[in-house]
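Peer 1: First, the structure itself, so that you have it in front of you.
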Amino acid sequence: MPGWDGERYAEVATLQHELGRRFAEALTPVAGSGGRAARVVDAGCGDGVVTRMIAALPWVGEVVGFDPSPLMVSTASSSGVPGVVFEAGDVTTFVAEEPFDLAVSLNALHWVRDSGAALTHLRDALRPGGRLVAQFVSEGARPSLEDVAQRVATGPAWASHFAGVDPPHVHRTAEEWRALAGGTGLTVSGAEVSDLAWDFGTAAAFEAWCTVGFTAWTEHLPADAHGAFVREVTAAYAEVAGSDHVFRFQQLRLEAARA
């Protein structure tokens, strides 16, 4: 996952926070072993806002959020909410000191190229019978914003900056995710895709959001070229979305359990 700036992200993360609210509200209560409240791990916790929403659920006792970006972890940790711990970590190497009852992840797994390793480590972090609920961008008929950014990055104007650089994202279909999860020993109970849209109101607001979210590409560019790259991507994406300020995206909600 890219090393996003936690403070800048928090300034433009209205969409992510709203998705987080819906995500948290849709979680089905999970009981902890021995009658205790549930232990939850949040993979790719970002600025910690969604992690804290989950921690506020009445059936949740303790939440550990981790993220590969030190800047994100620093922003998340500044809240100091009891029962919530934030730490730096990579989902492809994460090892739980104690098993969790529930593992969650919101819009992080499509930034992890080794999907199998991510699912394996999340499975291993769960107790037997523990659940996984993850939501992220999936493959669809319409090119995603990430697809458009990668197409621009490998076009003639920018290709020299991205020689030998792998795409930072991986999009898979619901069927592919079902198969991957099943291959790790998880029992999949759901893999539903929703086609959503978010109106940023203005092209400038959408561009500001993309500026923060495009770190995986702009980190390979000179600082004075970031703006031009973002503008080229948003202009190309407007042709896909039919608007210069409406973001259209697919969300896959994957639900599974450890046997």
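Peer 1: Within region 226-244, can you find the residues that are closer than 26 Å to M72 by Cβ and touching a residue at least 24 places away in the same chain (Cβ under 8 Å)?
Peer 2: Scanning region 226-244 gives F229, R231, V233, T234, Y237.
Peer 1: Among the numbered criteria (1) buried (at least 17 other Cβ atoms within 10 Å of the Cβ); (2) in a loop (DSSP other than H, G, I, E, B), which single criterion is violated by A103?
Peer 2: (2)
Peer 1: Still on this structure, I have one more. Tell me, which residue of region 144-160 that is of a type outside the set (A, V, I, L, M) and surrounded by fewer than 17 Cβ atoms within 10 Å (Cβ to Cβ) is nearest to E175 (Cα to Cα)? Walk me through how you get there before you give the answer.
Peer 2: Taking region 144-160 first, the residues of a type outside the set (A, V, I, L, M) are 144, 146-147, 150-151, 154-156, 158, 160.
Next cut, surrounded by fewer than 17 Cβ atoms within 10 Å (Cβ to Cβ) only: 151, 154-156, 160.
Working: R151: 25, T154: 28, G155: 30, P156: 34, S160: 35 Å.
So, considering only residues that are of a type outside the set (A, V, I, L, M) and surrounded by fewer than 17 Cβ atoms within 10 Å (Cβ to Cβ), the one nearest to E175 (Cα to Cα) is R151.
Peer 1: Given the structure, is L221 among the aliphatic types (A, V, I, L, M), modelled with pLDDT of 95 or more and under 21 Å from A108 (Cα atoms)?
Peer 2: no
Peer 1: Looking for whichever is surrounded by fewer than 19 Cβ atoms within 10 Å (Cβ to Cβ) and not in a loop (DSSP other than H, G, I, E, B) here; the options are A216, A225, A181. Which one fits?
Peer 2: A225
Peer 1: Considering only region 14-52, state which residues are hydroxyl-bearing (S, T, Y), surrounded by fewer than 19 Cβ atoms within 10 Å (Cβ to Cβ) and under 22 Å from L119 (Cα atoms).
Peer 2: The initial filter retains those residues of region 14-52 that are hydroxyl-bearing (S, T, Y), namely 14, 28, 33, 51.
In the following step, the residues that additionally are surrounded by fewer than 19 Cβ atoms within 10 Å (Cβ to Cβ) were identified as 14, 28, 33.
Within region 14-52, just T28 meets the criteria.
Peer 1: Within region 244-259, track down each residue that is assigned to a loop (DSSP other than H, G, I, E, B), buried (at least 16 other Cβ atoms within 10 Å of the Cβ) and not charged (D, E, K, R).
Peer 2: Result: H245, single match.
Peer 1: Right, something else. Within the group A96, A108, A76, which residue is among the aliphatic types (A, V, I, L, M), over 25 Å from G35 (Cα atoms) and surrounded by fewer than 24 Cβ atoms within 10 Å (Cβ to Cβ)?
Peer 2: Just a single option satisfies the conditions, and that option is A108.
Peer 1: For region 184-213, name all the residues that are part of a helix (DSSP H, G or I) and within 20 Å of the chain's Cα centre (by Cα). Can you show your working first?
Peer 2: At the first step, the residues of region 184-213 found to be part of a helix (DSSP H, G or I) are 203-213.
Scanning region 184-213 gives F206, E207, A208, W209, C210, T211, V212, G213.
Each row is one residue, and each column tells you yes or no for (1) within 20 Å of R172 (Cα to Cα); (2) of a type in the set (V, I, T).
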position	(1), (2)
A191	yes, no
W198	no, no
F206	no, no
E219	no, no
A228	no, no
V233	no, yes
Q250	yes, no
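Peer 1: Cβ-Cβ below 7 Å, separation at least six or inter-chain, first residue in region 191-207 and farther than 19 Å from Q16 by Cβ, second part of a strand (DSSP E or B) and not aromatic (F, W, Y): which pairs?
Peer 2: Listed pairs, sorted by first residue: A191/L252; A191/L254; E192/R253.
The values are calculated or read from the model by the stated rules, or taken from the named source; none is laboratory data. All of these numbers come straight from a predicted model, not from anything done at the bench. Ideal geometry is used to build each Cβ from the backbone, glycine not excepted, and the neighbour counts take in all protein chains shown.
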